[in-house]
Amino acid sequence: METIIHIDKLIKRFPAGNGFFTALNNVSLQFGKGEFTGLVGPSGSGKTTLLNIIGSLDAPTEGEVTVLGQSIAHLTHKESAQLRNQSLGFIFQTYNLFPVYTVFENVEFALLLRRMPAVERRKAVLEALEWVGLSDKAHSKPAQLSGGESQRVAIARAMVKKPALVLADEPTANLDSKNSHNILQTMQRLNEELQTTFLFATHDEKVMNYLRRIISLEDGRVVKDERFVHTKI
Amino acid sequence: MIQFLLKGVLRDKNRSLLPVIVISIGVFLTVLFSAWFRGIFGDMIDVNAHFSTGHLKVMTRAYAENAEQMPNDLALLDAEELVADLSADYPELEWVQRIQFGGLLDVADEQGETRAQGMASGRAIDFLSPGSREAERMNIPQSIVLGALPSRQGEALISHEFAERFGVKVGDEISMFGSTMNGGMALANFTVSGTVRFGMRALDRGAIIVDIADAQAALDMADAAGEVLGFFKESRYDEEKALQVKTAFNAQYADNPDEFAPEMLRLNDQNGLDEYIALSKSMSGLMIFIFVFAMSIVLWNTGLLGGLRRYNEFGIRLAMGEEKKQIFKTLLYEAVLIGAGGSVIGTVLGLSAAYYLQEYGISFGAAVQGGGMMMPEVFRASIGPEAFFIGFIPGLFSMTLGNALSGIGIYRRKTAELFKELSV
Ligand SMILES: Nc1ncnc2c1ncn2[C@@H]1O[C@H](COP(=O)(O)OP(=O)(O)OP(=O)(O)O)[C@@H](O)[C@H]1O
Ligand SMILES: [Mg+2]
C-alpha cells in the first residue's frame, strides 16, 4: 500500500510558563492511502496537535513530517495553503458552516478557491450533496439544519474536492447515536468508493467500532497501534 | 470569488448594514458641512466685499488709519480722476466711489416740529449714473420692503426698522444733520423713496442710503470720496490677483510721505477677514481629518467585533486552503465595497440636505453678529464641485483603515490558534 504520511521522531513543544510543554513526544507513524484510522487517547494526549501538524496548520518542533510528499516543516505559507486546498479536507466537532451562505454555497466555497469553472463546480457540488443525502437541502441555510445534517454538509464540503486525505477532529462529539452512525457510514462509504484516507481524532466508542486502525496516544506518545482486518461492525 | 464574497457581505447585516450606516452618516456630515462652510464663507466674503471692503479699497493713508470713524475730513480728493486712473490701470476691476458718514435723522410733523430723531449711519453709493451696478451689488432691489430705489437727486432709502419706529412713510421728508468735510454743520433734506431691510444687524438698525452726488453736496465733498472700491468684473474675490493689484498700486506711492496719499487695501486686510479666510481654507481639510479619525475609530471597533465574530470563518477559510494574505485582501475589498456604498449613500443624502440649505438657508438672526465683519443673517450652503467627491475620502479611508486594523488581528494570531477556535 502506498504511504502518504510519514512521521519520523516528531516532537511538538508549546511554550508554557517559563519552560515548555511537550504535547507530542517522539512520535513516529506512517499512514497508507485509503486508511480509515483513528487517534484515540485521553484529553490532552496530543490528538488535535498531531492532526494540526499533519494538516500543515502547525509546524513540528523537531522531527520530520511528510504529507503527500511535502515536508511540512519546510512549506511556505503559500505552499501549505496549496496543500490544504488541493489535497486535504477538514471536519470539525462544531460544524463551522458559514451561516450566511446556503448549503450549496458552503460546499461550493472549497471549489471557488480552485477557480473551477461554474458548470463543473455546480455538478461537483450536487454530486457531493448526493453522497451525504442532502440534495433537497441545497438551498437551506445552516441555521435551518439539524446537527446531523450540518455535519453531513461539512463532510460534503470536505469531500467535494475529492481530497487525498480527510482530517476529522471529534466529528461525532456533538451528535446523537443515530446521527453518529449515519455520518460514520457515509464516511466509510466515501472511503471505499473514492479511496480517500480518513484520519480521526476521537473519544467516541461508536467511532472506534468503524476504524480499521486505532492509534492510542498518552501524554504525547504512541502507546498502542492496532489494526483490524474487518470493521468490528 | 468576488461575487461570492459580495453575497456574504450583503447577507451579513453586521458586516454591511452597520458600517454602511456609520459611513453614510459620516459622509453625509462631511458633505453637508463642507457645502455649509463653503456657503457661509463665500457669503460672508461677498457681503463684506459688497457692503464694506470691496475686493480692493483705496483710501487716503490718514483715512485708512481711522477708517471705522468714517473721517471724511481725510477723504480722497479728485476722486473722479483717481477712478479714471484706476480704471485705466486695472481694467479687470470696476472702480466706484463711496462715502460713509454718520448723522442725525430728524423727522418733522405737519407743523415742521421735530417728531422724532435718531442716529443713522449713512452710505452714499452711485445710484443714478447710467449703468451703475452699485444698487444690485448691495442687493438693494431685493431688499426693498416698501417704495422704490431713488430715481432722482434728493431721494433716499432708510432702514425699514427705522421707518417703522419713527412712523416714516414712503414720500415723507426727512432731514439729516451731520458734519461737512471741513468740520462745518451739514444739513440736507431727503424724500424717502423706499425702505430697506438687508438682514444684517449693522445696517438694519438705522441706515440712510443716498446717491453719492447728494452726499458730496451735503457734506461739502465736491469731487471727494471717502473710499474708492474695486470689484473684479468677471469673478468672485481672488486673493492672489488682488494682492498683485494692491502691490503695484501702493508701489507708486512708496516714496511719498504725504498722509493724504492714496493707499490700497485688499479685502483680506480689512474687518479681520484675513484670519477668517485662512480658517475657511483649513476648514474642509480639518473636517475630513476629524471625520476620518472619528469614523475610523468607530469602524475599527465594529470591525474588531466583526473580526472576532469571524475568526471562525477565517479559520475555515485557512483550512480550506486560503492564505492569510488572501483573507486580509478580501477584508480590504470588502472595506472598499462597503466604504464606496456608504459614501454614495452619504453623498446623495449630504447633497440633498446641502441643496436644501443652499435654497432656503438657516436664519441665525442677530445671534452671531459682532466684530468688524459683516454677517448675513441667513446662512446658506453652497454646493461646489468638491461636494461630489469630498465624502469619499473619509468614507473609503476610514472603512479601509478600520478593516485593516481589525484584520491585523488575523496576522497576529498563529494559524493553529485561529484554527483551534474551530474545535471549541
Ligand atoms: N497552542 C498551545 N499552546 C500551549 N499548549 C497547547 C497548545 N495547544 C495544545 N496545547 C497543549 O497540548 C496538549 C495536547 O493538546 P491537544 O489539543 O492535542 O489534546 P487532545 O488530545 O486533542 O485533547 P482533547 O481530547 O481534549 O481534544 C494539551 O495539554 C494542551 O494544553
Ligand atoms: Mg482535541
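What follows draws every value from the coordinates through simple rules; no lab data is involved. Everything numeric here is computed off the predicted structure, so don't read it as measured data. Glycine gets a Cβ as well: all are built from the backbone with ideal geometry, and neighbour counts include every protein chain shown.
Brief remarks follow.
- Cα-based helix-to-principal-axis angle, B:239-251 vs chain B, degrees rounded to 10: 40 degrees
- Percent of beta bridges antiparallel (DSSP, the protein assembly as shown, rounded to nearest 5): 70 percent
- Checking the cross-link pairs A:Lys141/B:Lys13; A:Lys9/B:Lys325; A:Lys33/A:Lys78; A:Lys12/B:Lys325 against a 20 Å limit on the alpha carbon distance flags A:Lys9/B:Lys325; A:Lys33/A:Lys78; A:Lys12/B:Lys325 as lying beyond it.
- The calculated FRET efficiency for B:Gln117 paired with B:Gln142, based on their beta-carbon distance and R0 = 22 Å, is about 0.15.
- Placing a label point 7 Å from the Cα of B:Tyr355 along the Cα-to-Cβ direction, the residues of segment B:6-28 with a backbone N closer than 20 Å are B:24-28.
- Angstrom value of the Kirkwood radius, inverse mean 1/r, which spans all Cα pairs in segment B:56-236: 16.7 Å
- In chain B, a dipole from Cβ-located charges (positive for Lys and Arg, negative for Asp and Glu) runs towards its positive end, and of B:Ala49, B:Phe314, B:Gly8 it is B:Phe314 whose Cα lies farthest in that direction.
- Computed about the Cα centre, the dipole magnitude for chain B is approximately 4260 debye when only Lys and Arg (+1) and Asp and Glu (-1) carry charge, each at its Cβ.
- Too-long pairs where the Cα-Cα distance tops 26 Å, listed order kept, from B:Lys169/B:Lys233; A:Lys161/A:Lys224; A:Lys161/B:Lys324: B:Lys169/B:Lys233; A:Lys161/A:Lys224
- Longest segment of chain B lacking chymotrypsin sites (Phe, Trp or Tyr not before Pro) that sit in a DSSP loop with at most 16 other Cβ atoms within 10 Å: B:1-252
- Those aspartates and glutamates that a straight Cα-Cα span of less than 14 Å connects to B:Lys7, excepting residues fewer than 8 apart in one chain: A:Glu105, A:Glu108, B:Glu334
- Point-to-point label distance, A:Ser43-B:Ser175, nm (Cα→Cβ direction, 7 Å offset): 10.8 nm
- Taking the Cα centre of segment B:56-236 as origin and assigning +1 to Lys and Arg Cβ atoms and -1 to Asp and Glu Cβ atoms, the resulting dipole is close to 660 debye.
- Note on chain B: semi-axes of the ellipsoid equivalent to its C-alpha gyration tensor, largest first and rounded to whole Å, are 63, 24, 15.
- Two-site label geometry, B:Glu386 and B:Asn250: point separation in nm, points 7 Å out along Cα→Cβ: 2.7 nm
- Summed side-chain charge close to B:Glu155 - residues other than B:Glu155 whose Cβ falls under 13 Å, Lys, Arg +1, Asp, Glu -1: -3
- Length released on extending from A:Ala173 to A:Ala16, taking residue separation times 0.36 nm less the Cα-Cα span: 53.7 nm
- Calculated FRET value between B:Met1 and A:Glu218, using beta carbons and R₀ = 51 Å, to 0.05: 0.70
- Separation of alpha-carbon centers, segment B:307-357 and segment B:119-183, rounded to whole Å: 61 Å
- Inter-chain shielding of A:49-57 (mean C-beta neighbours from other protein chains, 10 Å cut-off): 3
- DSSP finds beta bridges in segment B:56-236, and of those with both partners inside it, around 80 percent are antiparallel.
- Mean shadow area of segment A:71-116, taken as a quarter of the surface of its Cα convex hull (nm²): 4.3 nm²
- Degrees separating the helix B:392-412 axis from the principal Cα axis of chain B, which is the longest one: 30 degrees
- Helix B:79-89 axis, angle to chain B major axis (alpha carbon atoms, nearest 10°): 40 degrees
- Using alpha carbons only: equivalent-ellipsoid semi-axes of the protein assembly as shown, gyration tensor based, whole Å: 90, 24, 18
- Segment A:128-228 - share of DSSP beta bridges that are antiparallel (%, nearest 5): 55 percent
- 10 Å Cβ neighbours from other chains, averaged over peptide A:87-94: 4
- Per-residue [θ]222 nm for chain B (sum of -39500 (n - 2.57) over DSSP H runs n ≥ 4, rounded to 500): -16500 deg cm²/dmol
- Distance (nanometres) between label positions extended 7 Å along Cα→Cβ at B:Ala217 and B:Ala278: 4.7 nm
- A:Thr3/B:Asp46 FRET efficiency (R0 60 Å; Cβ-Cβ; nearest 0.05): 0.10
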